[in-house]
1. Which of the residues spanning segment 165-203 are among the small types (Gly, Ala, Ser) and open to solvent by 40 Å² or more (accessible area, probe 1.4 Å)?
2. Can you find even one residue in segment 237-260 that is charged (D, E, K, R), part of a helix (DSSP H, G or I) and more than 18 Å from the chain's Cα centre (by Cα)?
3. Across segment 202-218, what is the number of residues that are touching a strand residue (DSSP E or B) at 6+ places or on another chain (Cβ under 6 Å) and either small (Gly, Ala, Ser) or closer than 17 Å to Val188 by Cα (or both)?
4. Would you mind stating whether Ile267 is among the β-branched types (Val, Ile, Thr) and within 18 Å of Phe202 (Cβ to Cβ)?
5. For the subset of segment 81-95 comprising residues that are under 13 Å from Leu64 (Cα atoms) and either of a type in the set (A, V, I, L, M) or more than 24 Å from the chain's Cα centre (by Cα) (or both), which member is least open to solvent (accessible area, probe 1.4 Å)?
6. Cβ-Cβ distance below 6 Å, separation of 6 or more or different chains: which pairs start in segment 302-321 with a residue that is among the hydroxyl-bearing types (Ser, Thr, Tyr) and end on one that is open to solvent by 10 Å² or more (accessible area, probe 1.4 Å)?
7. Step by step: first the residues of segment 261-312, then only those that are assigned to a strand (DSSP E or B) and among the β-branched types (Val, Ile, Thr), then the one that is least open to solvent (accessible area, probe 1.4 Å). Which residue is that?
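The values are calculated or read from the model by the stated rules, or taken from the named source; none is laboratory data. Since the structure is predicted, the reported quantities are computational estimates derived from the model, not experimental observations. As a convention, Cβ positions derive from the backbone with ideal geometry for all residues, glycine included, and neighbour counts pool all protein chains shown. When the accessible area is computed, the model is the full protein with side chains, heavy atoms only, and any ligands, DNA or RNA have been set aside. Shrake-Rupley method; radii C 1.70, N 1.55, O 1.52, S 1.80 Å.
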Amino acid sequence: MAGELTINRPSWTNRAVRFLGIAMALIGWTVCGAGAVLHGLVGDRWPVPWCFLYYALPRPVLCLIAATCLLVTPRSFPRLVRTARIVFTLTAAWVLASDVGWRLLSPSIAEPRLRIAFWNACHLPRGREFAANVIRGFEADLIGLVEAGGTGSAELAEWERLLPDYHADSNRPGMLWLSRLPGGIAPVVHLGPGSDAVALEFEFADRACRAVLVDISADFEVARVPVLVELSRRLDEDWDDRPWLLLGDFNAPPESVGFSQLRQRSIPVFATAGSGYAATWPVPLPVLTLDQIWMPPDWQAHTCRHLWTTCSDHRPVVAELTIATTPHVAETQR
């Protein structure tokens, strides 16, 4: 009939796509909310599976989920689109505030700087010579490595051949110290299942210092919190007689409940002097900051960068520090 209105109704395919988009957005927002609660209230203080969920939902992952929700939310539902934009904006701001260091310049100083580096070398997938080329780029005075392959006398001699400026030392398989400074390695300290620490005593700026290299088990059946608490106890009882630095693969982010005692007297170097994106694992799309350097008030941090390399699934950490003139100088960085 002439003049009759034709009503265009969405096809079943379009309806299914819209329903799927809404369902994905609602699920994604629920996950983001649960992740925020885990980060803000729970952390990794509860055992598996809650601590697994905490590690599986770091802030960058929540931001990626929020971005996906924004993409799949049907534009025919403007209220849902506004909600998606708000959730994405909040998670992106959270990542920018917590996972990106904004310090770009370091003032020049007269005091000598200690350049220290840490790297989980992932069992040298491209060989020792390739790893040595990566290590040269650190230009560090002290370098701590974990998952460094064999560390017997023959391997140590090979490291010294490849890196003639360094003395190589190890007393625990896979954990290696490379040093340009005078000093010596201390006995291995067992922290828990598959978790150890090796201290290197060295001299810097005419002072006796200590750097503690840590490798904590990646096995989720091994609770991180008790191991980190034991590490803090050993720092208090055995290693606090001189200025110390703590570096390693902690297999836990700096916000872990296990660091509560350590945070009372020290701080991650990246938190006070870091520049760039903080997450170190897994390369090429890191979302967790597992590799860290910690310092007490004896030190003052000037720079800290997390580098990029395809030779490992972990990013190297390189920092420059000086011995603080008084503890108060470092304390103001907290």
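1. Those that are among the small types (Gly, Ala, Ser) and open to solvent by 40 Å² or more (accessible area, probe 1.4 Å): Gly183, Gly194.
2. Step one: filter segment 237-260 for residues charged (D, E, K, R), giving 237-238, 240-242, 249, 255.
With the extra rule that they be part of a helix (DSSP H, G or I), the set shrinks to 237-238.
If we keep only those that are more than 18 Å from the chain's Cα centre (by Cα) too, we end up with 237-238.
There is at least one residue in segment 237-260 that is charged (D, E, K, R), part of a helix (DSSP H, G or I) and more than 18 Å from the chain's Cα centre (by Cα).
3. Count: 10.
4. no
5. Only one residue tops the list, namely Ala84.
6. Going by the 6 Å Cβ cut-off, the qualifying pairs are Thr303/Ser106; Thr303/Glu320; Thr309/Val134; Ser312/Cys122.
7. Result: Ile293.
Here is a yes/no grid of residues against (1) surrounded by 17 or more Cβ atoms within 10 Å (Cβ to Cβ); (2) under 23 Å from Arg224 (Cβ atoms); (3) not charged (D, E, K, R):
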{"site": "Gly28", "(1), (2), (3)": "yes, no, yes"}
{"site": "Asp44", "(1), (2), (3)": "yes, yes, no"}
{"site": "Phe52", "(1), (2), (3)": "no, yes, yes"}
{"site": "Arg79", "(1), (2), (3)": "no, no, no"}
